[in-house]
Amino acid sequence: MAMTIHVDIVSAEGEIFTGMAEMVYAPAVMGEVGIAPRHTPLVTQLKPGEVRVETEGGKEMLHFYVSGGILEIQPHVVTVLADTAIRAADLDEAAAQEAKRRAEDAMANRTSEFEYAKAQAELVEAAAQLRAIERIRKGKRG
Amino acid sequence: MAGAKEIRTKIGSIKNTSKITKAMEMVAASKMRKAQNRMAATRPYAEKMRNVIGHLFHAHPEYKHTFMIEREVKRVGYIIVSSDRGLCGGLNNNLFRKLIKELKVHRDAGVEVDFCAIGNKALGFFGRVGGKIVSQATHLGDAPHIEDLIGTVKVMLDAYTDGTIDEIYIAYNDFVNTMTQKPTIEQLVPIPPKADEELKHHWDYIYEPDSKEVLDNLLGRYIESLVYQAVVENGACEQSARMVAMKSASDNANSLIDELQLIYNKARQAAITQEISEIVGGAAAV
């Protein structure tokens with residue numbers, strides 16, 4: 001029987017693959033790596049590309065696209081911490097700027113949603129006041 | 001037969017309301033199940049990551065990342081996870097109440113606070129209260145994606161790396177079970193030291209390109225995954241809270257209908273009795 005290695009491919013949003021394999025290929029930043037069972041422990045970053053898993057018996061080759069992530073290897077376990085999002089320093093920076101801008105917008109304008117929330121709060125308050133007044137009136141009459 | 005018609009319309013309108021709340025309850029119940037599955041699906045990633053990070057720290061006790069170093073606290077950041085929509089009972093309010101208590105402690109100690117709002121309710125609340133919101137993410141939907149959070153979290157982490165803020169906390173609702181959601185505030189950065197299990201093996205990884213770069217990369221992802229997990233968990237809480245709130249609303253509507261039905265029957269009966277006695281009186285007079 002051929003030797004096998006356990007493979008876990010997980011992303012932040014869910015498990016993608018788990019099972020046994022005879023060989024795993026992954027696109028590491030320093031070049032593609034092929035991992036056979038009893039590989040020496042290794043941690044590396046992945047670049048966008050394809051992770052290929054040769055399943056038991058070598059019958060099947062499974063392909064998984066990853067847009068980056070981390071690869072961790074131990075003699076009997078390979079873990080791919082895959083990114084589902086496309087990551088790059090400048091992209092992240094743009095996303096951060098966007099998040100900041102949105103917050104600033106919301107702080108500056110305080111329109112639409114703020115107004116809506118505020119109006120809603122005021123409405124609830126007014127309704128409560130009305131109820132209280134009504135109760136007081138009824139109490140006086142009764 | 002004075003009030004009878006009014007009572008009847010009132011019963012009608014309450015019935016309509018109860019139909020809506022009943023429908024919302026059932027929608028929330030099915031969404032909750034999905035959200036719970038999503039919650040379970042995010043666990044393996046964070047677990048695996050924790051393992052690798054734990055191992056790295058054991059292998060390199062001398063290297064301290066900025067996220068590990070505690071420093072004097074002058075300004076703290078809070079990432080607040082809330083729901084986008086209302087009608088979910090006291091879910092958001094309980095969280096905000098707990099938060100306000102903590103904020104008061106900071107204020108008394110002269111520590112300033114920055115906010116990062118996730119979800120409409122947090123944005124609205126801290127907009128009204130007048131906190132300084134540095135970043136936000138809203139309308140994440142039922143199935144939030146990590147892409148939508150990267151920027152928001154990065155603003156906070158960058159501020160930490162710059163030294164603008166000295167601690168980052170996250171506030172969200174912890175999903176205990178369908179009936180219970182626990183408002184939780186946890187420290188994200190500096191990563192609180194854990195009483196880790198002793199690692200018996202004395203081997204080390206090969207790092208590509210090198211250990212520091214890998215660790216930096218890992219820690220950023222780790223924080224993101226924690227925030228993502230909190231968002232997903234809060235989503236499950238929202239649905240279950242909504243389900244419970246809508247169930248009690250439907251129950252209340254039903255008991256109100258029963259009560260009104262009784263009043264209506266009495267009024268009807270009284271009107272009939274009155275009519276009969278009038279007829280009898282009239283007949284006697286003739």
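The values are calculated or read from the model by the stated rules, or taken from the named source; none is laboratory data. Predicted, not measured: the structure shown is a model, and the values here were computed from it. Don't worry about glycine lacking a Cβ; one is built from the backbone with ideal geometry, like all the others, and counts go over all protein chains shown. Only protein heavy atoms, including side chains, enter the accessible area calculation; ligands, DNA and RNA are left aside. Shrake-Rupley method; radii C 1.70, N 1.55, O 1.52, S 1.80 Å.
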| note | Hydrodynamic radius by Kirkwood for the stretch B:171-286, inverse mean 1/r across distinct Cα pairs, in Å, is 21.4 Å
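On average over all directions, what projected area in square nanometres does chain A have, based on the convex hull of its Cα atoms?
On the way: hull surface 65.5 nm².
Its Cα hull, projected and averaged over all orientations, spans 16.4 nm².
Report the Rg/Rh value for the stretch B:17-87, based on alpha-carbon coordinates and the Kirkwood definition of Rh. Each step should come with its number before you reach the end.
Working: Rg = 20.9 Å, Rh = 17.0 Å.
Rounded to two decimals, Rg over Rh is 1.22.
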| task | Determine ³J(HN,Hα), in whole Hz, for all residues of the stretch B:104-121 in sequence, where each value follows from phi through the Karplus function 6.51 cos²θ - 1.76 cosθ + 1.60 and θ = phi - 60°; x replaces Gly and Pro. | result | 5, 4, 4, 5, 5, 7, x, 9, 8, 10, 10, 10, 10, 9, 10, x, 4, 5
| message | Just to be sure I understand the interface: list residues from the stretch B:216-243 that lose 50 Å² or more of accessible area between the chain on its own and the complete protein assembly, 1.4 Å probe. | response | B:Arg221
| note | Between chains A and B, total accessible area buried, probe 1.4 Å, no ligands or nucleic acids, nearest 100 Å², roughly 3700 Å²
| request: About the Cα centre of the stretch B:53-157, how large is the charge dipole given +1 on each Lys and Arg Cβ and -1 on each Asp and Glu Cβ? Please answer in debye to the nearest 20. | output: 460 debye
| field | Size of charge dipole - the stretch B:244-286 - debye, nearest 20, with Cβ of Lys, Arg +1 and Asp, Glu -1, no other charges | value | 60 debye
| Convex hull volume per residue for chain B, taking Cα atoms only, in Å³ | 163 Å³
| Furthest towards positive pole of dipole, B:Gly141, B:Met243, B:Val232, structure part chain B, Cβ charges | B:Met243
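Accessible area per residue for chain A in Å², computed with a 1.4 Å probe and the full protein assembly in place, what is it?
Values: 8140 Å² over 142 residues.
Ligands and nucleic acids excluded, the result is 57 Å² per residue.
Identify the GluC sites (Glu not before Pro) of the stretch B:182-286 meeting these criteria: DSSP loop state and at most 16 other C-beta atoms within 10 Å of the C-beta.
Numbers: sites: B:Glu186, B:Glu197, B:Glu198, B:Glu213, B:Glu224, B:Glu233, B:Glu238, B:Glu259, B:Glu275, B:Glu278; in loops: B:Glu197, B:Glu198.
Here the GluC sites (Glu not before Pro) that fit, given the DSSP loop and packing criteria, are B:Glu197, B:Glu198.
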| Computed FRET efficiency, Cβ-Cβ of B:Glu259 and B:Val286, R0 45 Å: what is it to the nearest 0.05? | 0.60
| query | Could you list log10 I(q)/I(0) for the stretch B:242-286 at q = 0.13, 0.15, 0.19, 0.24 Å⁻¹, which the Debye formula gives when each Cα is one point scatterer? | reply | -0.50, -0.56, -0.67, -0.79
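Would you mind getting the accessible area per residue of chain B, heavy atoms of the protein chains only, 1.4 Å probe, in Å²?
Numbers: 14620 Å² over 286 residues.
I get 51 Å² per residue for chain B.
Using the Kirkwood radius over C-alpha pairs as Rh, can you work out the diffusion coefficient of the stretch B:100-259 via Stokes-Einstein at 20 °C, viscosity 1.002 mPa s, in µm² per second? All intermediate terms of the calculation are to be shown ahead of the outcome.
Numbers: Rh = 18.7 Å.
Roughly 115 µm²/s, to the nearest whole number.
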| task | Take the solvent-accessible surface of the protein heavy atoms, probe 1.4 Å, and return the percent of it on the stretch B:153-286 that carbon and sulfur atoms account for. | result | 56 percent
| query | Is it possible to state the helix-based mean residue ellipticity at 222 nm for chain B, with each DSSP H run of 4+ residues giving -39500 (n - 2.57), the sum divided by total residues, to the nearest 500 deg cm²/dmol? What is it? | reply | -22500 deg cm²/dmol
| query | Amide H to amide H, which residues 5 or more places from B:Val189 or on other chains are under 5 Å from it, using H placed in the peptide plane? | reply | B:Ile168
| field | Stokes-Einstein diffusion coefficient of the protein assembly as shown, Kirkwood radius over Cα pairs, 25 °C, 0.890 mPa s, in µm²/s | value | 96 µm²/s
| task | For B:Tyr207, list long-range residues whose amide hydrogen, built 1.01 Å from N in the peptide plane, is under 5 Å from its own amide hydrogen. | result | A:Val43
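Do the alpha carbons of any pairs in B:Lys48/B:Lys104; A:Lys138/B:Lys22; B:Lys31/B:Lys182 sit beyond 25 Å of each other, and which pairs? Numbers along the way, then the final one.
Numbers: B:Lys48/B:Lys104 37 Å; A:Lys138/B:Lys22 33 Å; B:Lys31/B:Lys182 19 Å.
Among B:Lys48/B:Lys104; A:Lys138/B:Lys22; B:Lys31/B:Lys182, the Cα-Cα distance tops 25 Å for B:Lys48/B:Lys104; A:Lys138/B:Lys22.
Could you give the size of the charge dipole of chain B about its Cα centre, using +1 on the Cβ of each K and R and -1 on the Cβ of each D and E, expressed in debye and rounded to the nearest 20? Present the calculation step by step, with values, prior to reporting the outcome.
Details: 36 positive and 36 negative charges, 309 e Å.
In total the dipole reaches around 1480 debye.
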| remark: Here, trypsin sites (Lys or Arg not before Pro) of the stretch B:81-132 satisfying both criteria (DSSP loop; at most 14 other Cβ within 10 Å) are B:Arg85
| message | Bins of 5 Å, beginning at zero and ending with the bin holding the largest distance: percent of Cα pairs per bin for the stretch A:31-96, please. | response | 4, 15, 23, 23, 17, 9, 5, 3, 1, 0
| request: Would you tell me the mean number of C-beta atoms belonging to other protein chains that fall within 10 Å of each C-beta in A:90-101, as a whole number? | output: 6
| query | So what are the three principal axis dimensions of the stretch B:215-265 from its Cα atoms, in whole Å, longest to shortest? | reply | 74, 7, 6
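Share of antiparallel DSSP beta bridges in the protein assembly as shown, in percent to the nearest 5?
Values: 43 of 70 bridges.
Percent antiparallel among DSSP bridges in the protein assembly as shown is about 60.
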| query | Can you list residues whose amide H is under 5 Å from B:Lys74's amide H, if they're 5+ apart or on another chain and H is modeled 1.01 Å from N? | reply | B:Asp166
